[in-house]
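These notes are about the structure you will find just below.
Bear in mind these aren't lab numbers, they're just calculated from the coordinates by the rules spelled out. Note that this is a predicted model, so its numbers are computed, not measured. As a convention, Cβ positions derive from the backbone with ideal geometry for all residues, glycine included, and neighbour counts pool all protein chains shown.
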Amino acid sequence: MGSEDDLLKTPLYEAHEAAGGRLVDFAGWRMPLLYTSILDEHAATRNDATIFDVSHMGRLRIRGEWAFKLLDRACTADILGQEDNTTRYALLCNEAGGVIDDVIVMRLPEHWLLVCNASNRKKVTRHLDALNVAGGFGAEIVDRTTKTAMLAVQGPNAIEKLDTFLPIDVPGIGRRQVVIGTHMLIPYTASRTGYTGEDGLEVILPAAAAATAWTFITSKTGGVTPAGLGARDLLRLEAGLPLYGHELNETIDPITAGLGRAVRNREGFVGDEAIARIRQTGPARRLVGLKLDTKRIVRQGAMIHSDGAEVGVVTSGTFSPSCDASIALGYVDRRVADDGTRVNVLLRNDVVVDAKIVPKPFYKGSAFRRNEKTVTE
Amino acid sequence: MAAPTDRKYTESHEWCKLDGDVAVVGVTQFAADQLTDITFVELPDEGTNVTAGEPFGEIESVKSAGDLYAPISGEVIAANRALADNPGLINDDPFGEGWVFKLRPADADEMDALLDAAAYDTHVEAS
């Protein structure tokens, strides 16, 4: 493990220290785990609005006449059908259909922006470079991560609060839409996206403007309080959202992971044949949600049993304040993957707890409630 | 924040306070802060015996889980039932309302083997 000096710092590093952030190592970055407490920051996000520094996530700008072809080849989403000022959730897969990363692809009038996991930034860049060369697409791929910052403001009051202090019509940004603009000479990209199950925006801006924007948003009366990575993981898990390295890795395909909605039927992307075969036969295992009959937490790697036989494994688990129950995500044999099925989970030290398979999300936040009709997209 | 001087400590971040012929056991502020929001505490059963240096239960938080170790040996006479509904008491008041259990010490001399507050503070700083 490298020393503290080898770790990257986001443009908000000093702001985190000033806000009392407890900084930890995450994917090669020094990031705030929490400021006051994970549960407090979770509650503030569910009931009001909070701001997360997500600058560590990879941001790749892709330009060129055939940039769309490169992305259509790399991504499972329907890039050809994607309109200007929209975002799509997509997977980048290998030839076997295993997930290289899960990403957000934004189409803007002059360029594309791909936002990927911090831990996969170098891998994703190499993958796109290789496809670019192999396909002769001639696209320009520029890593904009360290030149920019990214802030996520999330919560039922996020849109309203942002609307009072941003110069744009925030509520007018449709779900999963993205807009670009300039305010006081600062260019920004704002998308109505998030990873918490709550409504809100994710805003990309130049690194040099980040600290000012953070201070502005957090210090205004009725402003927004900071939340760290601990709360972020709790929120995404309650929202049933996958995390690379837990629910996703290069041995897991999108269908098994329940992400078929992000995979188009039209072929032409890496992994398309393998995924089509899995779609046809049905995956052997499926990702399910588990609600446990205990307040104890199960963690990644805990085995799932049914009728004395091992049927699966936990990929993420936590205690959910919003559900007042212990919850988990895990992969189970498709024969026991139906909602309502009761299973056993082995906690640490060989404690066995009962659990039930339940639908996801475990908790429906304001993003879900806001726009019911787009839920099935 | 310096550890209270009215009790003794283990290297595994439990505290032990002798009150006549009863000892009270809990976890330190440092441990509570490292764990962050505590969600579950496995309490020992009254009437059972604990052994110095051996695990007697588990503590879980949103962030991680770990074993709790008995500072001294003895018979458990009370467990803090309030922690069942409110495990966060340990985060809020680890040295007071967040106590974990009480025991009748088998051998009060075992207290001598524990760290005093200054030694514990040094131990924390070194970690």
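Structural remarks
- Across chain A, C-alpha contacts under 8 Å between residues 6 or more apart give a mean separation that, scaled by the residue count, equals a relative contact order of 18 percent.
- Computed per residue of the protein assembly as shown from DSSP H runs no shorter than four, each worth -39500 (n - 2.57), the mean residue ellipticity at 222 nm is -6000 deg cm²/dmol.
- Counting only Cβ charges, +1 for Lys and Arg and -1 for Asp and Glu, the dipole size of chain A around its Cα centre is about 400 debye.
- Ordering A:L166, A:L292 from the fewest to the most neighbouring beta carbons within 10 Å gives A:L166, A:L292.
- Exposure proxy order (Cβ contacts within 10 Å, fewest to most) of A:K220, B:K8, A:K9: A:K220, A:K9, B:K8
- Rounded, prolate or oblate (a/c below 1.5 giving rounded, otherwise prolate when a/b exceeds b/c) for the range A:192-349 by Cα gyration tensor: oblate
- For the range B:65-94 versus the range A:117-147, the gap between their alpha-carbon centres in whole angstrom: 51
- Gyration tensor (alpha-carbon) shape descriptor, the range B:42-124, a/c threshold 1.5: oblate
- Excluding same-chain neighbours fewer than eight residues apart, the lysines reachable from A:K364 by a Cα-Cα span under 20 Å are A:K291, A:K356, A:K373.
- For the range A:69-174, diffusion coefficient by Stokes-Einstein and Kirkwood Rh (Cα), 37 °C, 0.692 mPa s, µm²/s: 211
- For the range A:34-44, backbone phi angles converted through the Karplus equation (6.51, -1.76, 1.60; θ = phi - 60°) give residue-by-residue couplings of 7, 10, 10, 7, 4, 5, 5, 5, 4, 4, 5 Hz, Gly and Pro being listed as x.
- Prolate/oblate/rounded label for chain A (Cα gyration tensor, a/c 1.5): oblate
- Over 32 Å between alpha carbons, listed pairs A:K123/A:K360; A:K123/A:K295; A:K9/A:K220: A:K123/A:K295
- Share antiparallel - DSSP beta bridges, the range A:229-377, percent rounded to 5: 95
- Amide H within-cut-off set for A:V358, under 5 Å, with H built and near neighbours excluded: A:G289, A:L290, A:K291, A:G340
- Point-charge dipole on Cβ atoms (K/R +1, D/E -1) for the range A:253-358, about Cα centre, debye to 20: 220
- Ordered by the count of other Cβ atoms within 10 Å of each Cβ, fewest first, A:H127, A:H56, B:H13 give A:H127, A:H56, B:H13.
- Residues in the range A:60-83 that a label on A:R144 would reach, taking backbone N under 11 Å of a point 7 Å out along Cα→Cβ: A:60-63
- Across the range A:305-351, Cα pairs under 8 Å and at least six residues apart give a relative contact order of 39 percent.
- Percent RCO, i.e. relative contact order, over the range A:1-116, from Cα pairs under 8 Å lying at least 6 residues apart: 18
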